[in-house]
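The values are calculated or read from the model by the stated rules, or taken from the named source; none is laboratory data. Since this is a predicted model, take the numbers as computed values, not measurements. Cβ coordinates were reconstructed from backbone atoms using ideal geometry, including for glycine residues, and neighbour counts include every protein chain displayed. Please note that ligands, DNA and RNA were not included when accessible areas were found on the heavy atoms of the full protein model with its side chains. Shrake-Rupley method; radii C 1.70, N 1.55, O 1.52, S 1.80 Å.
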Amino acid sequence: MMTRLTDEMVKDIIGSLDGTNDMLVDQTGMNALELACDAVGIGPDMIELTGLRVGVVPVTSGMGIIKKFSESVAEIVRKLGMDAFVTEAADVTGLAEALSAGAEMIFMADDIKFIAINTTNGRFSNNSFSTAAGYVSALKGAAGGLAGKEVLVLGAGRVGSIAAEIMTDMGAYVTVYDIDKDKTRDLSERIGVKITNDLGGDLSAHDLVFNAAPAPIDGRHVREGTIFSSPGIPFPFDELGVKKAKRIIHDPLDIGVSVMAVQCASFSRMKGP
Ligand code: 2YJ
């Protein structure tokens, strides 16, 4: 299933960025920049982001433009110290506009892919990897490390499977749930994670959960004191789940876009030794 942001989900992002940042510091011990750097495996002092010129190009194909989406992306990267603008034109004309204006990085999203291109060398970052890596770092920060810990991953789609792989590499013991058994079988064959068919039972047994599924979570199954890293949209928790969880890390765009921007910048902006 494809998750897509709506005008409604995006309309308040710009105004709530400082709040999201405070939430991140509180929940993970890292601000958006530190978290994005951690996800990419670098320190904030190893990269020069200040003044990096970023163009964001609205794209009309498929379901079309999401109101304020491009402006929200621009504002998120401005908070990282970059110099961002949204092009007046959309699509190919917008891309030409961004290139003419000297953009070193260009963000564009249609209904399937959301990427940031480094125009100095053609390398690019994508939102699925960045969202997975960013929310894994957030969970790691909130849990005080993941090595040797049991983590439940809900959803074996793009974000969930990348997250499962990153956490397995970090030495976590990962169990994956998805209603689509073909997806979980592929994943367990590829990276050797444990598969569960008992969502309720495994939710009750885990206090670290990476939620990349679009489905609502029934608070009755949530274990008291659970830390959730939850990129899935819309917000999946009921009142009981929110009450029982110790922490819920969730935002519609900020973490994923911050990691995309830092990773894309890392392709050309690492400081010398
Ligand atoms: O330019 C616009 O306003 C729109 N074309 C933005 C579309 C944003 N795309 C999505 O939300 C898709 N679900 C792609 C997300 C990538 C998966 N992580």
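Under 5 Å between amide hydrogens, which residues at least 5 positions from residue 176 or on another chain qualify, with H placed 1.01 Å from N in the peptide plane?
Residues meeting the amide H criterion: 153, 194, 195, 196.
Please identify every one of the GluC sites (Glu not before Pro) in region 48-78 that sits in a loop by DSSP and has no more than 14 other beta carbons within 10 Å of its own beta carbon.
On the way: sites: 48, 71, 75; in loops: 48.
Within region 48-78, the qualifying GluC sites (Glu not before Pro) (loop, at most 14 other Cβ atoms within 10 Å) are 48.
Once both axes come from the Cα atoms, what is the angle between helix 127-143 and the longest principal axis of the chain, in degrees from 0 to 90, rounded to 10?
Here the helix axis deviates by roughly 50 degrees.
Please determine, in degrees from 0 to 90 and to the nearest 10, the orientation of helix 91-100 with respect to the longest principal axis defined by the Cα atoms of the chain, where the helix direction is its Cα long axis.
Its long axis makes an angle of about 60 degrees.
Specify the inter-centroid distance of region 161-230 and region 9-67, based on alpha-carbon positions, in whole Å.
25
What is the antiparallel percent of DSSP beta bridges lying wholly in the chain, to the nearest 5?
Values: 9 of 34 bridges.
Around 25 percent antiparallel, to the nearest 5.
How much area per residue is accessible in region 128-233 when the probe is 1.4 Å and only protein heavy atoms are counted (Å²)?
Working: 4210 Å² over 106 residues.
I get 40 Å² per residue for this part.
Can you list the equivalent-ellipsoid semi-axes of region 155-194, largest first and in whole Å, using the square root of 5 times each Cα gyration tensor eigenvalue? Let's see the in-between values first.
Details: eigenvalues 47, 19, 13 Å².
Taking √(5λ) for each Cα gyration eigenvalue gives 15, 10, 8 Å.
If one puts a single equal scatterer on every Cα of the chain and applies the Debye formula without solvent, what log₁₀ I(q)/I(0) results at q = 0.09, 0.10, 0.13, 0.14 Å⁻¹?
-0.40, -0.50, -0.84, -0.96
Calculate how steeply helix 13-28 sits against the longest principal axis of the alpha-carbon atoms of the chain, using the helix alpha-carbon long axis, and give the answer as 0 to 90 degrees to the nearest 10.
50
Filter 11/149; 11/183; 113/181; 67/140 down to the pairs with a C-alpha to C-alpha distance above 31 Å, please. All intermediate terms of the calculation are to be shown ahead of the outcome.
Numbers: 11/149 37 Å; 11/183 33 Å; 113/181 24 Å; 67/140 33 Å.
Beyond 31 Å: 11/149; 11/183; 67/140.
What does the accessible area per residue of region 23-89 come to in Å², with a 1.4 Å probe and no ligands, DNA or RNA counted?
Details: 2900 Å² over 67 residues.
I get 43 Å² per residue for this part.
What whole-number volume per residue, in cubic angstrom, does the convex hull of the C-alpha atoms of region 130-249 give? Could you put the intermediate results ahead of the total?
Working: hull volume 10.1 nm³, N = 120.
Dividing the Cα hull volume of region 130-249 by its residue count gives 84 Å³.
Where does the chain land at 222 nm, in deg cm²/dmol rounded to the nearest 500, when only DSSP H runs of n ≥ 4 count, each adding -39500 (n - 2.57), divided by all residues? Could you put the intermediate results ahead of the total?
Working: 11 runs with 115 residues, N = 273.
The helix-only estimate for the chain comes to -12500 deg cm²/dmol at 222 nm.
Compute the FRET efficiency between residue 150 and residue 3 as 1/(1 + (r/R0)^6), taking r as their Cβ-Cβ distance and R0 = 22 Å, and round to the nearest 0.05.
Numbers: r = 26 Å, r/R0 = 1.19.
It comes out at approximately 0.25.
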